[in-house]
Amino acid sequence: MKFSTAFFLFSLLAFSVSFGQSQKIGYVDTEAILEKIPQYGVAQQEIERITEQWQKDLEKQYSEIETLYANYQAQEVLLSEDVKRQRQDEIFKAEREAKEYREKKFGYNGELFQLQEAKVKPIQEKVFKAVEAIAERKRFSYIFDKAGEVTWLYVNPNYDLTEEVLEELGIKDENKN
């Protein structure tokens with residue numbers, strides 16, 4: 001019984017070692033790829049322009065709230081209770097509107113998220129399809145993204161598929177001679 005268990009474990013180990021050696025692993029730098037796609041740059045600029053405008057609008061709202069509050073504090077001792085409550089309600093309403101605006105524009109599933117989905121996601125999907133085509137054609141088991149959260153201590157440039165993805169997308173790298 002011990003012989004068959006040892007034989008089974010040895011066979012399993014040998015199989016897993018040989019299986020592991022047959023797998024091909026590559027990587028790409030999607031950040032470098034996206035930077036070379038003109039539509040991506042245009043989309044990013046448009047998103048930044050719109051985001052800056054929303055941010056300015058939000059800052060204006062908060063500035064108006066600060067002015068309302070400063071005026072209230074300056075006049076508080078002179079105001080009747082009814083007018084105090086009215087001014088406080090006005091300040092709370094302005095704060096609530098600013099918070100709702102911020103949430104609508106920048107919140108989870110807000111307009112910024114939707115804008116990025118509409119402008120950037122189709123470009124990213126195009127890159128992912130190019131990566132998938134190369135992976136299938138060259139029979140890679142795994143392809144990692146160097147630009148993501150993965151920390152690389154060493155990367156052999158022989159397995160860098162970034163240039164091939166750019167070629168698959170029809171993008172020429174002017175920096176490469």
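Each reported figure results from applying straightforward, stated rules to the coordinates on display, with no laboratory input. None of the values given here were measured: they were computed from a predicted structure. Here the Cβ positions follow ideal geometry from the backbone for every residue, glycine too, while neighbour counts run over all protein chains shown.
Here are some notes:
- The label point for K24 and the one for K93, both projected 7 Å from the Cα toward the Cβ, are 6.7 nm apart.
- Cross-link pairs exceeding 29 Å between alpha carbons, from the set K24/K126; K121/K146; K36/K60; K99/K119; K36/K138: K36/K60.
- Local net charge near R137, Cβ-Cβ under 14 Å (Lys/Arg +1, Asp/Glu -1): -1
- Summarising the label geometry, the points placed 7 Å from Cα in the beta-carbon direction at A118 and S80 lie 5.0 nm from one another.
- Each residue, K126 and N109, gets one label point 7 Å from its Cα in the Cβ direction; the gap between the two is 2.9 nm.
- Here's how it looks for G26: its modeled amide H is under 5 Å from those of Y142, I143, F144, which are all 5 or more places away or on a different chain.
- Alpha carbon Rg of the stretch 87-173, scaled by the compact-globule rule 2.2 N^0.38 Å: 1.79
- Distance cut-off 27 Å, percentage of C-alpha pairs in the stretch 25-168 lying past it: 50 percent
- Neighbour-count ranking [beta-carbon atoms within 10 angstrom, fewest first] of K172, K84: K172, K84
- Near Y27: Cβ cut-off under 9 Å, other residues only, Lys/Arg at +1 and Asp/Glu at -1. The net charge is -2.
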